[in-house]
Every structure is written in structure tokens, then in C-alpha cells.
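First the structure, in the form of C-alpha cells, and then the observations on it.
Quick note: the coordinates plus some simple rules give every number you see, no bench work behind them. Remember, predicted model here, so these are calculated numbers, not experimental data. Neighbour counts are summed over all protein chains in view; Cβ atoms, including those assigned to glycine, are modelled from backbone coordinates with ideal geometry.
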Amino acid sequence: MQNGAPNGSLYKRSFNETFEQAPLYVAVLTYLGFGVVTLFGYLRDFLRAWRLEKCHMAIEREEQKDFVPLYQDFENFYIRNLYMRVRDSWNRPICSTPGPQFDLMEYLTDDYNWTFRHTGRTIKDVINMGSYNYLGFAENSPSSLETVMDVLKTYGAGVCSTRQEMGNLDKHEELEELVAYFLNVEAAMVFGMGFATNSMNIPALVGKGCLILSDELNHTSLILGARLSGATIRVFKHNNMQSLERLLRDAVVNGQPRSHRPWKKILILVEGIFSMEGSIVRLPEVVALKKKYKAYLYLDEAHSIGAVGPTGRGVVEYFGMNPANIDVLMGTFTKSFGAVGGYIAGKKELVDYLRTHSHSAVYATSMPVPVVQQIIRVMKCIMGVDGTTVGIQRVKQLAENTTYFRQRLYEMGFIIYGNDDSPVVPLLLYMPGKVSAFARHMLKKKIGVVVVGFPATPITESRARFCVSAAHTKQMLDTVLNALDEIGDFLQVKYSRHSKSSRPELYDETNFEFDD
């Protein structure tokens, strides 16, 4: 074990990740909390059935009483008895630019979160710790958006056609050339929706008779794309190279089930930064394995492009690797670029193939040109070709803010997950009652946070997820940290015993060497 990673000789820089386990009593109390809420949920459903308590939920019409229920019963149960208790912690309307600070529309509930009403007041200058605005380019500076406004006047707001019909504009081709140059690959293609970039392009690359090996914590867009492809899917433990190699070895030795014919293709799906864990993919090891077993690699850099690497070029640059070693480079413009959409990049043959076979390319409306121009201006700024050093300064500032924020949380005694260099910072809360209490107390201090619980996370790992931005000043971060210190003591969520481990249970086999 070296630098927190096995086979440390593959790494050109330190690689440190922590996934500290909570004390046993925390897990017990968490399960107990869910159990108590569930029991009360069944009691309240009994009272509603006998009309002793008013039911606010929509119910099937009398004419449909013999129909098969449209929704799963447990989903309805969970929503009306568990989610409704904490619903006010989510979906709060924002009425300003989602920069380092934003304004929230104040709303209240008179019926315990079943409905909300707007008061007409605005909560001003809430510190934004939840948006994926890693480099701070979600901004409304007139000087910065001047070129975007010019393009809006020239091209209009919409395109009203697909790329293959009347929607292929010179600005789209300019962006694709710039993306390819930025990533140092042969070609790139852009799409109007980041989620569809995964879900619609994976089915174009693999199908029946192919095998997909997917990290267990991959994003839903990757999971949906894999399922839509019709390929066989096998899941390996998160960032666990032993688990991945076992699946690769079995796939090569045994082939397809029953027939034992070789798989047509083996495609490994991973993310650069995993958005719920804050961990970074062990890319050098994954590349070594994919070469050893002659597989293909699909890398989703939605959260890592722009956010890591000395010049913001993602995990490939972060590890000092050659982009040619990754067969399919995917990323989105929805985070570091302050826009929408996504891209697929790699060899020219790959991109040309997707132009004619991707459903997203053939049927989806083209990306609006003002959005294209926003991405172009940001990418040029990061690269420095706009004649300024603003972009590279923001990349460096993000790294400094990330290090500072993570280190302070660690010193305070919170359990935080992920890589030391990841701007995604999950802070573990565990117990369901503390999740909503945490969000409410933080908002009272004018700090907007994202809290996540079951079923989006394992039942014992509810958390708050902070997204650090280069636009956060040290004063803002200190304000957030001071509030966290106070609330952490008040809610008693400082569970860390400072056993800074790297999930050793994931590496229960001896280290192994990779072929070059």
C-alpha cells in the first residue's frame, strides 16, 4: 500500500482517500430511527384507512379500483410517511444566479409539508454550498457574458432542428474542434443534454453479446445507458481493482453464458469523480487492467473535467496520463462550464460512428447557440487563449479551497468521504432525523446545503454533500465552517475517531502487478 493506493508505482502523485466507518452505536441508532418512523407510518396508514386521520395523498379513482396500482406500494408508503416529514429540505426555489451566493424564495407549509405557499419574501445572499459551480463560471457579469449576448442577438435562443437536419451550425463545429483541442484527442461531438450523452450513446457502442463492467456507484445515466443497450451487465465493487480484475478474468476465460463464445466487446464504465462519494477513479490501475484483458474503457468526467488537474483537464491530466489510453472520453458542460450539455471525445472513427448511430445525435434538438458560446468562452478562459490568466487562477483557487475546506472539517471531527483533491465533499450524518435538522439549521444561518438520504444513499449513510467552488472566498468558507462547528456540536454529528483509513476491506487480496 503506497499513498493510500495499492501498486503505488503506477501513480505519479499521492492518492489519498478516506472512508472512515462510524461507531457501531450510530449504525444501530440509524436503523432504529428508520424502524420507529416506519412503525408510525403503518399506524398512520391504519388511521387513514378508518378515516380517523385525513389523507392528503392522491388516491386511485373509484373507477380504477380494480386496476393494477400504477406506482409501487412501498414508494407511496415511503413518500407519505417518511419523505413528507422532511420534504421542506429539498426543492427550494432559487431566484438568482447560482453563484457563490444566491437568493431563495421563502415558502411555508400549513399542513406538515403536504403543500407549500410562497410568502412573497426573498432570503437574500445565502451561501451556495450545493451547486456544481466548481470554477465559478455560473455568473452574471455583463463583461463576461458580452459575447454570449452578441450570439443571442445573431442566432436567437433556439435551434428548432437536429444536427442532421437544419440544426448544424458553425458554432457547434467550432465548439467540437475546441473540445478536441482542449482534451488533446482527435475529435469530439457535443450534445444538448448531459444525461442523454450517457444514456443515448452507450447503446450505440455496445449491444447484445457484449459485456459491460460497471462500478457499483456509477451515475444513473450510465446505468440507464447500460440497460438500454441490451448488453450483459456485471457490477464490480466501488474502485476495487481486485473485484474488477476477477470479472475481467472470468469474462475472458469463460466467455458468454451457456454458449461460452467470446464476448463481442467488453466495456468498463467508470466516473472521474463519483458525485455522491467524492472519490476519484483509480485510473492508472483501470487502464492497466483494460490493456491486460483487451477491454474498452468509457470514462465519465462530468464532475472532474475543469475541476481537477493542473490546468483543469480532468482526471486524465490529474494522473498525468495519455488521453489516447481512454477509448471513450465523456464529460458534461453542466458543472465547471456553467452551461448545459455534454460531449463524447476520442478517435475520429468513434465520433464519426456516433454522428450516424447515436439516438441523441439523430433525434435530439441541437444545443442552443448562446449555450454553445458560453462553453466556448469558458473553455478559452481556462486554456488562457482569451489573453487572460483568469481560468488557470480559478483552477488553482478551487484546489486551494478544496484542501482548506476538507482539512478544517477533518480537524473538527466530522466523518468526510472521498479523495483529498475532490471538490465534492460528503459529510456523513447517518440518522434520518438529523438530516432534515441539519439542512434547516444551516438555512437559518443563510447557508444552502444539499442533504441526501435513503434511497439515494445506503440506509446507514445519509449525508450532506458540499460542492466547493473557486468563487467561494475564504470568508465565505470560514462562515460555513464556523456554522458547521456549532451545528455539529448541537446535533452531535462529529463522529470521527480520526482513523483515516482507505476502506481496507476493499483490498483483502494480495497486491498484483499489471502488464504494461
task: With a 10 Å radius around each residue's Cβ, average the other Cβ atoms per peptide and rank 433-446, 300-313, 124-137, 153-166, highest first.
output: 300-313, 124-137, 433-446, 153-166
- request: Identify which of the listed values of P(r) over Cα pairs in 20 Å bins from 0, in percent was calculated from the structure shown: (i) 17, 43, 27, 10, 3, 0, 0; (ii) 19, 41, 30, 10, 0; (iii) 20, 52, 26, 1.
  value: (iii)
- prompt: aspartates and glutamates within cross-link reach of Lys347: Cα-Cα under 14 Å, excluding same-chain residues under 8 positions apart?
  reply: Glu176, Glu177, Glu186, Asp327
- request: Apply 1/(1 + (r/R0)^6) to the Cβ-Cβ distance of Asp489 and Gln21, taking R0 = 30 Å, and write down the FRET efficiency to the nearest 0.05.
  value: 0.90
message: If I take R0 = 30 Å and measure r between the Cβ atoms of Val36 and Asp111 in this structure, what FRET efficiency does the formula 1/(1 + (r/R0)^6) give, to the nearest 0.05?
response: 0.85
- prompt: Ordered by packing density, taken as the mean number of other Cβ atoms within 10 Å over each peptide's residues, highest first, how do 391-401, 336-346 rank?
  reply: 336-346, 391-401
- prompt: What are the residues whose amide H is under 5 Å from the amide H of Ala187, where those residues sit 5 or more places off or on another chain and H is modelled from the backbone?
  reply: Gly346, Lys348
statement: So Gln393 and Glu165, fully extended at 0.36 nm per residue minus their Cα-Cα distance, gain in nm 78.0 nm
- line: Among the DSSP H helices of the chain, those whose Cα atoms extend at least 30 Å along the helix axis and whose mean Kyte-Doolittle hydropathy is -0.5 or higher are 24-49
- prompt: Once you put a point 7 Å from the Cα of Ser141 and another 7 Å from the Cα of Arg258, both along the Cβ direction, what distance in nm separates them?
  reply: 6.1 nm
query: What number, in percent, do you get for the relative contact order of region 398-448 if the mean sequence gap of Cα pairs under 8 Å and at least 6 apart is divided by its residue count?
result: 25 percent
message: Give me the extension gain from Cys55 to Asn184: residue separation times 0.36 nm, minus the current Cα-Cα distance, reported in nm with one decimal.
response: 40.6 nm
Which listed pairs, of Lys445/Lys474; Lys335/Lys474; Lys153/Lys380; Lys348/Lys396; Lys12/Lys396; Lys171/Lys396, have C-alpha distances above 24 Å, in listed order: Lys348/Lys396; Lys171/Lys396
task: Evaluate E = 1/(1 + (r/R0)^6) for Ser96 and Gln475, where r is the Cβ-Cβ distance and R0 equals 22 Å; express this FRET efficiency to the nearest 0.05.
output: 0.65
- prompt: Tell me, what HN-Hα J-couplings in whole Hz come from the Karplus equation 6.51 cos²θ - 1.76 cosθ + 1.60 at θ = phi - 60° for each residue of region 319-331, using x for Gly and Pro?
  reply: 8, x, 9, 7, x, 5, 6, 9, 6, 10, 9, 10, x
field: Farthest toward positive dipole pole in the chain [+1 Lys/Arg, -1 Asp/Glu at C-beta], among Gln492, Ala399, Ala138
entry: Gln492
task: Just the number, please: percent antiparallel of the DSSP beta bridges in region 169-307, rounded to the nearest 5.
output: 5 percent
- prompt: Going by the alpha-carbon gyration tensor, a ≥ b ≥ c the square roots of its eigenvalues, is region 427-475 rounded (a/c under 1.5) or, if a/c is not under 1.5, prolate (a/b greater than b/c) versus oblate?
  reply: oblate
statement: A chain fully extended from Gln407 to Ala157 at 0.36 nm per residue, minus the present Cα-Cα distance, gains in nm 85.7 nm
field: Near-label residues of region 208-225 by backbone N, under 11 Å of a point 7 Å along Cα→Cβ of Tyr363
entry: none
field: Percent of beta bridges antiparallel (DSSP, the chain, rounded to nearest 5)
entry: 60 percent
query: How far is it, in nm, from the label point at Lys208 to the one at Leu228 when both lie 7 Å from their Cα along the line to the Cβ?
result: 1.9 nm
query: What is the packing order of peptides 86-94, 99-107, 189-197, taking the mean over residues of other C-beta atoms within 10 Å and listing the highest first?
result: 189-197, 99-107, 86-94
Of the chymotrypsin sites (Phe, Trp or Tyr not before Pro) in region 16-88, those whose Cβ has at most 10 other Cβ within 10 Å and which sit in DSSP loop: Trp50, Phe67, Tyr71
Mean ellipticity per residue at 222 nm, deg cm²/dmol - from DSSP H runs of n ≥ 4 across the chain, formula -39500 (n - 2.57): -11000 deg cm²/dmol
